[in-house]
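Enquirer: If you scroll down you'll find the structure; I have some questions about it.
The values are calculated or read from the model by the stated rules, or taken from the named source; none is laboratory data. Keep in mind it's a predicted model, so treat the numbers as computed, not measured. Here the Cβ is made from the backbone with ideal geometry for all residues, glycine too, and neighbour counts use every protein chain on show. Protein only, heavy atoms only, side chains kept; ligands, DNA and RNA dropped before computing areas. Shrake-Rupley method; radii C 1.70, N 1.55, O 1.52, S 1.80 Å.
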Amino acid sequence: MKKHYSVVVDPKYIYRRLDPLPTKKELEHFYREHYYAFMETGGRVPELRRLIKGGEESDSELAWLSQTLWRDIRDILDEHLVHKQERWLLDMGCGPGHFCRYMQQAGWHVVGVEPSRDAAEIARSFGITVYDSIEECSRKTEQRFDAVTLLNVLEHVLDPPGLLQELRSLTHEESMLAVRVPNDFSVLQDCAYRRLGGGEPWWVAIPDHINYFNFETLAQFMERLGFQVVDMFGDFPMEVFLLFGDVYVGNPEVGSQCHEKRVAFELSIPVQLRRNLYRCFARNGVGRNCLLFAKMVK
């Protein structure tokens, strides 16, 4: 694996990315040898760690996601596809299939793409069709999907523009796209970074986080590829905890406490108020993650 990466602005699409790009072989080695060890210790995707842990913690996480993020995605997609009686969803990077299962139970026909063999098998146990790659999906299905979700996917792939162009062959003119990525190099991150005295930027996760978006660059990226952005949401700005002095960076116990406070907040306010607030956050570049909805413009 290369010893040094810089974060640069992509000259064509403006979002930030690693330079040099890791090779496919380097990524495969990382995911095979290190990724799940990082995840188990809280160093990567703590939300997935909580989901696969099982027991009360997993149940709590599923209940929270079902009432917040997943419900928001379902409702926005339903709103834009109200004329469709049967709705087909392709979930890219579906992992163990919890979101797929949620959408399946909401009446959608769901197909997943997931390269991890273990995660895909869990998803298949829910009765979900899961392909190893978008190429396999294209070969084995003639279905044209009404919606495609990429939840924390684009930051991991070597060629985001190429992936989105590939998806066009699996969709139709009225299809919707829901994209969620971390909101990185944001104003609040910069404030928290300076509050902690600098050092290494903790949100740069090498080599698996290859691309770094914020609301502005994500929207510009999508529009440059010919998609029409129709809605954007922020979410809870976790960096405020760092500004309060709750240093969760490198401290999973503090991170869990901050997460519990965030969950309590989101479940304590009316759904529409939360959505209106998070739309305002998006307009001001605020939120730990960006959630964008766009139409496929053929």
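Enquirer: With (1) touching a strand residue (DSSP E or B) at 6+ places or on another chain (Cβ under 9 Å); (2) in a helix (DSSP H, G or I) as the list, and PRO201 as the residue in question, which single condition is left unmet?
Expert: The failed condition is (2).
Enquirer: Out of everything in the range 89-135 that is within 20 Å of MET296 (Cα to Cα), more than 19 Å from the chain's Cα centre (by Cα) and at pLDDT 95 or above, what residue ends up being most open to solvent (accessible area, probe 1.4 Å)?
Expert: Filtering the range 89-135 for residues within 20 Å of MET296 (Cα to Cα) gives 89-93, 108-113, 134-135.
Pick out the ones that are also more than 19 Å from the chain's Cα centre (by Cα) and you get 108-109, 135.
Remaining after also requiring at pLDDT 95 or above: 108-109.
On the way: TRP108: 12, HIS109: 66 Å².
If we take residues in the range 89-135 being within 20 Å of MET296 (Cα to Cα), more than 19 Å from the chain's Cα centre (by Cα) and at pLDDT 95 or above, then HIS109 is most open to solvent (accessible area, probe 1.4 Å).
Enquirer: Across the range 50-62, what is the total count of residues that are under 18 Å from the mean Cα position of the chain (by Cα) and at pLDDT 65 or above?
Expert: 4
Enquirer: Just for the range 144-196: of the residues that are of a type in the set (S, T, N, Q), closer than 21 Å to GLU216 by Cβ and not in a helix (DSSP H, G or I), which one is nearest to the chain's Cα centre (by Cα)?
Expert: ASN152
Enquirer: Go through the residues of the range 243-255 one by one and say whether even a single one is assigned to a loop (DSSP other than H, G, I, E, B), over 17 Å from the mean Cα position of the chain (by Cα) and of a type in the set (Phe, Trp, Tyr).
Expert: Yes: the range 243-255 contains one or more residues that are assigned to a loop (DSSP other than H, G, I, E, B), over 17 Å from the mean Cα position of the chain (by Cα) and of a type in the set (Phe, Trp, Tyr).
Enquirer: For the range 257-273, what are the residues that are surrounded by 10 or more Cβ atoms within 10 Å (Cβ to Cβ) and without any contact (Cβ under 8 Å) to a residue 24 or more places away in the chain? First the steps, then the outcome.
Expert: First pass over the range 257-273, keeping only residues surrounded by 10 or more Cβ atoms within 10 Å (Cβ to Cβ): 257-267, 269, 271.
Across the range 257-273, the qualifying residues are GLN257, CYS258, GLU260, LYS261, ALA264, ILE269.
Enquirer: With the requirement that a residue be open to solvent by less than 10 Å² (accessible area, probe 1.4 Å), in contact (Cβ under 8 Å) with a residue 60 or more places away in the chain and closer than 21 Å to PHE281 by Cβ, what does the range 155-181 give you?
Expert: LEU177, ALA178, VAL179, VAL181
Enquirer: Considering only the range 204-234, state which residues are open to solvent by 20 Å² or more (accessible area, probe 1.4 Å) and out of contact with any strand residue (DSSP E or B) (no Cβ under 8 Å at 6 or more places or on another chain).
Expert: GLU216, GLN220, ARG224, GLY226
Enquirer: From the list PHE281, PHE236, which one is within 30 Å of GLY199 (Cα to Cα), part of a helix (DSSP H, G or I) and under 21 Å from the mean Cα position of the chain (by Cα)?
Expert: Values: PHE236 fails: part of a helix (DSSP H, G or I).
Exactly one of PHE281, PHE236 is within 30 Å of GLY199 (Cα to Cα), part of a helix (DSSP H, G or I) and under 21 Å from the mean Cα position of the chain (by Cα), namely PHE281.
Enquirer: Give all pairs with beta carbons closer than 7 Å in which a residue from the range 53-82 that is within 19 Å of LEU277 (Cα to Cα) meets a residue that is open to solvent by 40 Å² or more (accessible area, probe 1.4 Å) and hydrophobic (A, V, I, L, M, F, W, C); count only pairs at least 6 apart in sequence or on separate chains.
Expert: Hits for this filter: TRP64/LEU267; GLN67/LEU267; ARG74/ALA106.
Enquirer: Can you tell me how many residues within the range 155-205 are among the β-branched types (Val, Ile, Thr) and on the phi > 0 side of the Ramachandran plot?
Expert: Within the range 155-205, residues that are among the β-branched types (Val, Ile, Thr) and on the phi > 0 side of the Ramachandran plot number 0.
Enquirer: Out of all the residues in the range 65-80, is one or more within 25 Å of ALA294 (Cβ to Cβ), part of a loop (DSSP other than H, G, I, E, B) and among the hydrophobic types (A, V, I, L, M, F, W, C)?
Expert: No, the conditions are met nowhere in the range 65-80.
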